[in-house]
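Below is one structure, written out as structure tokens, with a few remarks after it.
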Amino acid sequence: MSAYLGDELAKAGVDDAAIVEYCVGLLVDDSMDADEKEEAIVGYLESATEADLSDVVRKAIALAAEEHAQSQ
């Protein structure tokens, strides 16, 4: 999930490891539901790029959920 997100953000012109790390931190935060994660990450990324990354964020949330389920 981290590699996917990093690659997609780089394609959108966001090539900053700190931004990717912050977004990954939100993705693995168990205190937030998927809608809250999407809102927080998309809102944050909108300040860094003009690109609409909603689909990328939704896929990253799904990948994070899959990874979490597999680790259980």
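Being basic (Lys, Arg) and either touching a strand residue (DSSP E or B) at 6+ places or on another chain (Cβ under 9 Å) or modelled with pLDDT of 95 or more (or both) is the filter here, so list the residues in the range 9-40 that pass it. Quick ask: steps written out before the conclusion?
Looking only at the range 9-40, we keep the residues that are basic (Lys, Arg), and these are 11, 37.
Answer for the range 9-40, where residues must be basic (Lys, Arg) and either touching a strand residue (DSSP E or B) at 6+ places or on another chain (Cβ under 9 Å) or modelled with pLDDT of 95 or more (or both): just LYS37.
Identify, by number, the condition in (1) modelled with pLDDT under 95; (2) closer than 17 Å to GLU8 by Cα; (3) assigned to a helix (DSSP H, G or I); (4) open to solvent by 50 Å² or more (accessible area, probe 1.4 Å) that GLY43 doesn't meet.
(4)
Output the residues belonging to the range 46-70 that are surrounded by 18 or more Cβ atoms within 10 Å (Cβ to Cβ) and assigned to a helix (DSSP H, G or I).
Correct list: VAL56, VAL57, ALA60, ILE61, ALA64.
Provide a single number: the residues in the range 28-40 that are open to solvent by 70 Å² or more (accessible area, probe 1.4 Å) and either in contact (Cβ under 8 Å) with a residue 60 or more places away in the chain or more than 11 Å from the chain's Cα centre (by Cα) (or both). Even if it seems obvious, please write down each step before you answer.
Filtering the range 28-40 down to residues open to solvent by 70 Å² or more (accessible area, probe 1.4 Å) leaves 28, 30-31, 33, 35-36, 39.
Now narrow it down to the ones that are either in contact (Cβ under 8 Å) with a residue 60 or more places away in the chain or more than 11 Å from the chain's Cα centre (by Cα) (or both): 30-31, 33, 35-36.
Looking only at that region, the number is 5.
Which of the residues that make up the range 36-72 are farther than 18 Å from GLU21 by Cα and among the acidic types (Asp, Glu)?
At the first step, the residues of the range 36-72 found to be farther than 18 Å from GLU21 by Cα are 50-52, 55, 66, 69-72.
GLU50, ASP52, ASP55, GLU66, listed by residue number.
Pick from GLY13, GLY25, GLY6: which is surrounded by fewer than 13 Cβ atoms within 10 Å (Cβ to Cβ), without any contact (Cβ under 8 Å) to a residue 60 or more places away in the chain and either in contact with a helix residue (DSSP H, G or I) (Cβ under 9 Å, 6 or more places away or on another chain) or not in a helix (DSSP H, G or I) (or both)?
GLY13
The values are calculated or read from the model by the stated rules, or taken from the named source; none is laboratory data. As the structure is a computational prediction, the values presented were derived from the model and not from experiment. Please note: Cβ atoms are built from the backbone with ideal geometry, for glycine as well, and neighbour counts cover all protein chains shown. With ligands, DNA and RNA removed, areas are computed over all heavy atoms of the protein, side chains included. Shrake-Rupley method; radii C 1.70, N 1.55, O 1.52, S 1.80 Å.
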